[in-house]
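Only the coordinates and a few stated rules stand behind these numbers; no lab work does. Just so you know, these numbers come straight off a predicted model, no measurement behind them.
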Amino acid sequence: MMGIVPQKASLFSGTIEDNLRWAKKDASDEEIERALRISQSAEFVDKLPEKTKKTVTAGGKNLSGGQRQRLTIARALVGEPEILILDDSASALDFATDAALRKALREETKGMTVFMVSQRVGTVRYADKILVIDNGELAGEGTHSELVKSCPVYREICLSQLKAEEVGYDG
């Protein structure tokens, strides 16, 4: 029912396939391929000589941080949860891969509720609803354009990461 992907990606000893089937033991090859595609893992997994049969060492130490994060997202997606919580789980991804992941999640998870926790404005910018938390308190709630106008904390975060014209703020 719920898939949770923490910021610190953790994989188990075994194969990539073993890790992906953790959420759903009887997952079909098609379900695994779909999860790899959405999580932006398919490209690097397809280049591996062993593909999903590649051995993963404890914690996934034989993979890069970004690869581990993408595979933990794939693992959660294989289970087809109703609710998916991504807790800053794309922090090790480059901006292009992060954008591709967000696009795939938007297009391929219809009917799934997705919560994205992130410090990157680019990651949450196109969300249906953004909640801004400052020192444990709700500082703002709304869309990007609403918050740029109404929430000084959000506006400050945006302007520290993007140019004013990218933010849509004219001062």
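Using helices alone, what [θ] at 222 nm do you get for the chain, with -39,500 (n - 2.57) per DSSP H run of 4 or more residues, divided over all residues and rounded to the nearest 500?
The helix contribution divided over the chain gives -12000 deg cm²/dmol.
Pull up the cross-link candidates among the aspartates and glutamates for Lys110, meaning alpha carbon to alpha carbon under 17 Å and not fewer than 8 places away within one chain.
Candidates past the 8-residue exclusion: Glu31, Glu80, Glu82, Asp128.
Once fully extended, how much extra length lies between Thr113 and Glu33, figured as 0.36 nm per residue of separation less the alpha-carbon to alpha-carbon distance?
Length gained, Thr113 through Glu33: 26.7 nm.
So who's got an amide H within less than 5 Å of the one on Ile85, skipping anything under 5 residues away but keeping other chains? H placed 1.01 Å off N, in plane.
Gly3, Ile4, Val5, Phe115
Any lysines with Cα under 18 Å of the Lys24 Cα? List them, leaving off those in the same chain fewer than 8 positions away.
Output for Lys24: Lys53.
Apply the Debye scattering formula to the chain, with a single equal point scatterer on each alpha-carbon and no solvent, then give log10 I(q)/I(0) at q = 0.17, 0.20 Å⁻¹.
With no solvent term, the Cα-only Debye profile gives -1.00, -1.26.
Considering only Cα-Cα distances, which of the following residue pairs are longer than 31 Å: Lys51/Lys163; Lys51/Lys103; Lys47/Lys163?
Listed pairs above 31 Å: Lys51/Lys163; Lys47/Lys163.
If you take every DSSP beta bridge fully contained in region 30-171, what fraction is antiparallel? Give it as a percent rounded to 5.
Given both bridge residues lie in region 30-171, the antiparallel proportion sits at roughly 50 percent.
From the phi angles alone, apply the Karplus equation (6.51, -1.76, 1.60; θ = phi - 60°) to region 96-112 and give each ³J(HN,Hα) in whole Hz, x where the residue is Gly or Pro.
Computed from phi, the couplings for region 96-112 are 5, 5, 4, 5, 5, 4, 4, 4, 5, 4, 4, 7, 10, 10, 4, x, 9 Hz.
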